[in-house]
Amino acid sequence: MRHYENLVIVKPTLTEEETKNSIAAIEEILTANGAEIIARDVMGIRKLAYPIEKNERGFFQVIYYTMEPASIVEVERRFRINEELLRFVTIKYDSKREVKAWNELVEKTQKKAEAAAARTEAAAAAAAAPVAAPEEEATPKAAVETEAPATEAPATEAPATEAPATETTEA
């Protein structure tokens, strides 16, 4: 099994649901050809460096996976047929150093996904929590005694002064 990374750019004219279906179809192509998807990095809609098929923007997603090298030809053939893809690039990680870099990228992507899930979960919990009504005072207003004004003036502290910092300059 070799380590691979695919960057796919989906047309921005698709609705959110169509984009999700397109990405799911891409992942299905990979898994049908024996890939084990390790991580996904959804980058969202971004501006392209140059227009592709009159599109100034595209939906970017990076998929990290492992699969047998013989299956890559079929995967890329099916990607070329897919009309919803503007561009794709497949990167193979071969050497030990490249595999180490791939593992670091996967780790970073997984941490980013976990943090995003935690933020989403916290936002959902905050939205679902009922708004607490302000509590009524425990003692009735008639039972509260009024205090007489203080006859002494409050003591004020003298402002603290700091010694000026001395700077030495060497010529």
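Exposure proxy check: R87, R97 ranked by fewest other beta carbons within 10 Å?
Result, fewest neighbours first: R97, R87.
Would you check the stretch 2-123 for Lys pairs whose C-alpha atoms are within less than 13 Å, ignoring same-chain pairs closer than 8 in sequence, and give me the count?
Lysine pairs satisfying the spacing and distance rule in the stretch 2-123 number 5.
Just grab the label-to-label distance for N103 and A49, each label 7 Å out from Cα along the Cβ direction, in nm (one decimal).
3.1
Convert each backbone phi in the stretch 36-53 into a coupling constant with the Karplus relation 6.51 cos²θ - 1.76 cosθ + 1.60 (shift: θ = phi - 60°), then list the ³J(HN,Hα) values in order as whole Hz, x for Gly and Pro.
Once rounded to whole Hz, the list reads 10, 6, 9, 8, 10, 10, 7, 8, x, 7, 9, 6, 7, 5, 8, x, 10, 6.
For the stretch 1-58, which GluC sites (Glu not before Pro) are both in a DSSP coil and crowded by at most 11 other Cβ atoms within 10 Å?
Those satisfying the criteria are E53.
If the stretch 2-123 were replaced by its equivalent ellipsoid, with semi-axes equal to the square roots of 5 times the Cα gyration tensor eigenvalues, what would those be, largest first, whole Å?
Output for the stretch 2-123: semi-axes of 22, 21, 14 Å.
³J(HN,Hα) across the stretch 100-116 via Karplus (A = 6.51, B = -1.76, C = 1.60, θ = phi - 60°), whole Hz, x for Gly/Pro?
Per residue, the Karplus-derived 3J(HN,Hα) values read 4, 5, 4, 4, 5, 5, 5, 4, 5, 5, 5, 5, 5, 5, 5, 5, 5 Hz.
Percent relative contact order of the stretch 1-119, based on C-alpha pairs within less than 8 angstrom and at least six residues apart?
For the stretch 1-119, the relative contact order is 40 percent.
Work out how much length S71 to A122 would gain on full extension: take 0.36 nm times their residue separation and subtract the Cα-Cα distance, in nm to one decimal.
14.3 nm
For every other residue with a beta carbon closer than 13 angstrom to the beta carbon of A117, add +1 if it is Lys or Arg and -1 if Asp or Glu, then tell me the sum.
+2
With +1 on the Cβ of every Lys and Arg and -1 on the Cβ of every Asp and Glu, and nothing else charged, how large is the dipole of the stretch 2-123 about its Cα centre, in debye rounded to the nearest 20?
480
Label the stretch 74-117 by shape, choosing from rounded, prolate and oblate, from the square roots a ≥ b ≥ c of the eigenvalues of the Cα gyration tensor; if a/c is under 1.5 it is rounded, and otherwise prolate applies when a/b is larger than b/c, oblate when it is not.
oblate
Tell me, in nm to one decimal, what length is gained between E56 and K96 on full extension, where the rule is 0.36 nm per residue of separation less the Cα-Cα distance?
Contour length minus Cα-Cα distance gives 10.6 nm.
No value in this document is a laboratory result; all are computed from the given coordinates. The structure presented is a predicted model; accordingly, all values stated were derived computationally and were not measured. Note: ideal-geometry Cβ built from the backbone for every residue, glycine included; neighbour counts use all protein chains shown.
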